[in-house]
Amino acid sequence: MLKIEEIWKTFNPGTVNEKTALSGLTLELKEGDFVTVIGGNGAGKSTMLNAVAGVWKVDEGKIFIDGVNVTGLAEHKRAAYLGRVFQDPMTGTAANMQIQENLALALRRGKLRGLRIGITREEREEYQEKLKILELGLEDRMTSKVGLLSGGQRQALTLLMATLKKPKLLLLDEHTAALDPKTAAKVLEATDRIVGKDNLTTLMITHNMKDAIIHGNRLIMMHGGRIIYDVSGDEKKKLKVADLLAKFEQASGGEFANDRMMLT
Amino acid sequence: MEIVKLFNALPGACAQGFIWGIMAIGVYITYKVLDLADLTVDGTMATGGAVCILMMLNGHSVFVALLVAFLAGMLAGLVTGILHTAMGIPAILAGILTQLGLYSINLRIMEGKANQAISVDKYNLLISLRWVKGVPFYKNAIFTAVLFIMVIIAILYWFFGTELGCSIRATGSNPHMSRAQGINTNLCKIIGLMLSNGIVALSSGLCAQYQGFSDVNAGRGAIVIGLAAVIIGQVVFGKIRGNFAFKLLAVSFGAVIYYMVLQVVLWLGLESNDLKLFSAIIVAVFLAIPYLKGKYFAKPVKKGGASRA
Ligand SMILES: Nc1ncnc2c1ncn2[C@@H]1O[C@H](COP(=O)(O)OP(=O)(O)OP(=O)(O)O)[C@@H](O)[C@H]1O
Ligand SMILES: [Mg+2]
């Protein structure tokens with residue numbers, strides 16, 4: 001479903017801030033794979049997702065989604081294949097538009113937007129049903145501005161928007177990191193439900209090692225802009241947080257895992 | 001300071017206010033919907049009039065003239081849009097560049113003259129300052145201007161409810177999210193700028209007819225008047241919850257209030273040469289108020305911000 005071939009990305013080349021964030025990263029995902037991604041700060045996790053999403057062009061290498069070479073495709077064109085949820089709850093929704101209008105925008109991802117009405121009555125009923133799945137009571141607030149929602153509600157809504165039109169690939173970049181533990185658990189639960197229901201191919205970045213082990217069928221660890229550990233199936237199920245920490249220590253040359261990774 | 005003098009001047013100010021209300025609606029599209037400060041309008045506010053008057057002087061009907069004025073405005077918006085999106089020039093600077101270039105183009109349109117007069121007696125104008133009082137209502141300048149506003153608001157209300165209109169609103173609200181949802185934000189910005197400048201040029205065309213001449217300086221400071229109208233509309237009618245059409249209506253009434261206030265300060269003895277300074281101060285104060293309010297009279301934040309679940 002996703003094939004990343006030897007991609008390289010250097011930010012601010014030729015300046016003092018030069019930083020090679022991806023160095024020959026290669027990764028292949030099968031249809032229905034739910035891959036959790038871990039790694040220290042600056043390991044290149046977000047950069048990998050941004051490369052797939054086309055936020056900027058990679059310096060070298062190729063990216064295929066479902067067999068289509070998207071390497072040269074602009075961000076808004078690639079969006080047709082992708083569902084994305086970001087770390088910051090502000091990023092994924094349009095704050096001064098209604099809940100239903102946000103959903104309507106998401107439903108039309110990948111379609112030509114013309115002079116047809118922006119949201120139809122049938123759609124509204126559909127959204128009401130879908131919002132119920134989130135169990136946040138949003139189905140009764142369809143015409144509320146999204147800016148009035150809490151961070152957790154916005155993330156849940158963004159998740160629904162990302163999957164409203166079934167994406168070929170779901171990209172989650174620490175989408176629960178800005179939420180309190182209880183809300184984070186709820187949003188993760190919703191994630192599992194939605195991914196499971198449609199058997200979505202998913203890349204989920206997390207700083208929580210436990211979550212990385214519990215969720216998904218495959219786990220990858222990144223360091224220095226490439227994948228240093230890739231585990232799936234039963235082997236992944238048997239993993240312990242301690243194993244991952246040991247792996248991480250080994251990779252980073254003895255330097256201890258950072259605080260955020262230690263959590264739980 | 002006879003009060004009669006003021007009353008005599010008010011209907012004219014009202015008509016002019018509504019004509020500029022159309023212009024303010026154009027500014028609203030860029031400033032509020034797209035979240036862009038577009039200074040092109042200082043040029044298009046002269047271009048529309050120049051095109052309209054010259055077309056009419058050359059024997060075209062007023063409707064054709066206005067249509068071409070609208071298209072000329074759109075073209076100016078397209079130039080700013082391309083400078084901004086495809087060439088990566090900041091929106092404000094892109095607008096200034098187009099506006100500056102338009103000055104020469106406007107002079108060319110007006111055959112090298114700084115202004116071009118058109119006689120209301122010889123040509124079939126739609127609107128004129130002679131028709132403010134003592135004419136049948138359908139000929140009245142205020143009626144004509146309001147009619148234009150109603151039609152424009154109706155069309156915009158429809159347009160911003162369409163798929164394309166919604167993606168333009170989304171682009172202004174959150175470009176990052178818009179691209180993630182497959183919206184071509186650059187295209188949306190260009191369309192918004194074109195629409196806005198088209199409407200401004202239309203207003204300019206009406207304004208030139210109203211005054212009986214087009215003027216290369218007609219647009220100087222137009223953005224400030226447009227912003228004043230948007231802000232006044234927001235301050236005066238902001239408490240009333242209304243839909244998009246209502247907000248546009250509020251903006252056009254903001255322009256009327258602006259011209260009424262100008263009339264009053266003129267009547268109070270301010271010189272017309274000082275009006276621009278007066279306008280600039282008013283707009284600066286109103287733009288600063290929300291910021292200062294937030295800074296010195298901060299209430300607990302209710303929405304937005306770095307909300308955590
Ligand atoms: N747009 C950018 N411009 C410049 N440098 C960038 C940019 N994006 C990322 N980087 C740099 O690339 C490196 C990798 O960053 P990235 O955001 O991918 O890390 P990450 O693995 O997501 O880390 P975190 O856990 O902190 O989110 C970092 O050194 C970062 O500073
Ligand atoms: Mg990151």
Checking A:LEU49, A:LEU29, A:LEU73, A:LEU22 in turn, the sole residue that is farther than 14 Å from A:LEU170 by Cα, of a type outside the set (S, T, N, Q) and either within 16 Å of ligand 2 (Cβ to nearest atom) or open to solvent by less than 20 Å² (accessible area, probe 1.4 Å) (or both) turns out to be A:LEU22
When restricted to B:PHE286, B:PHE244, B:PHE297, the only residue at pLDDT below 90, more than 23 Å from B:CYS207 (Cα to Cα) and surrounded by 14 or more Cβ atoms within 10 Å (Cβ to Cβ) is B:PHE286
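When you check A:LEU149 against the structure, is it within 16 Å of ligand 1 (Cβ to nearest atom) and surrounded by 16 or more Cβ atoms within 10 Å (Cβ to Cβ), yes or no?
No: the conditions fail for A:LEU149.
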> more than 16 Å from ligand 1 (Cβ to nearest atom), within 16 Å of the chain's Cα centre (by Cα) and within 14 Å of another protein chain (Cβ to nearest Cβ): does that describe A:LEU82?
Replying inline: yes
Exactly one of B:VAL64, B:VAL79 is in contact with a helix residue (DSSP H, G or I) (Cβ under 6 Å, 6 or more places away or on another chain) and without any contact (Cβ under 8 Å) to a residue 40 or more places away in the chain, and that residue is B:VAL79
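Does B:ALA229 satisfy the criteria of being touching a Gly at 6+ places or on another chain (Cβ under 7 Å) and not assigned by TED's automatic domain parsing to the domain that holds B:ILE105? Show your work before the answer.
Values: touching a Gly at 6+ places or on another chain (Cβ under 7 Å): yes; not assigned by TED's automatic domain parsing to the domain that holds B:ILE105: yes.
Yes: the conditions hold for B:ALA229.
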Exactly one of A:VAL85, A:VAL58 is at pLDDT 95 or above and farther than 19 Å from B:ASN174 by Cβ, and that residue is A:VAL58
Counting only strands (runs of 3 or more DSSP E) entirely within the stretch A:1-75, those with at least 1 residues that are within 13 Å of ligand 1 (Cβ to nearest atom) are A:2-11, A:19-29, A:34-39
Inside the stretch A:52-64, the number of residues satisfying the requirement of being away from ligand 2 (no atom under 16 Å from the Cβ) and within 14 Å of chain B (Cβ to nearest Cβ) is 1
Checked A:ARG113, A:ARG121 against criteria (open to solvent by less than 40 Å² (accessible area, probe 1.4 Å), within 14 Å of another protein chain (Cβ to nearest Cβ), more than 16 Å from ligand 2 (Cβ to nearest atom) and charged (D, E, K, R)); the one match is A:ARG113
In the stretch B:175-196, anything away from chain A (no Cβ under 13 Å), buried (at least 24 other Cβ atoms within 10 Å of the Cβ) and in contact with a Leu (Cβ under 6 Å, 6 or more places away or on another chain) is listed as B:GLY192
Cβ pairs under 6 Å, 6+ apart or interchain, first in the stretch B:141-156 and of a type in the set (A, V, I, L, M, F, W, C) and open to solvent by 10 Å² or more (accessible area, probe 1.4 Å), second modelled with pLDDT under 95 and part of a helix (DSSP H, G or I), ordered by first then second residue, are B:PHE143/B:PHE137
A:THR10: passes all of (1) β-branched (Val, Ile, Thr); (2) open to solvent by 10 Å² or more (accessible area, probe 1.4 Å); (3) within 16 Å of ligand 2 (Cβ to nearest atom) but (3)
Of the candidates B:ILE199, B:ILE223, the one satisfying the condition of being in contact with an Asp or Glu (Cβ under 6 Å, 6 or more places away or on another chain), away from chain A (no Cβ under 14 Å) and crowded, with 24+ Cβ neighbours inside 10 Å is B:ILE223
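The values are calculated or read from the model by the stated rules, or taken from the named source; none is laboratory data. The shown structure was predicted, so the numbers you read here are calculated from the model rather than taken from an experiment. Virtual Cβ from ideal backbone geometry, glycine too; neighbours counted across all protein chains shown. Keep in mind that these areas ignore ligands, DNA and RNA; they rest on the heavy atoms of the full protein, side chains included. Shrake-Rupley method; radii C 1.70, N 1.55, O 1.52, S 1.80 Å.
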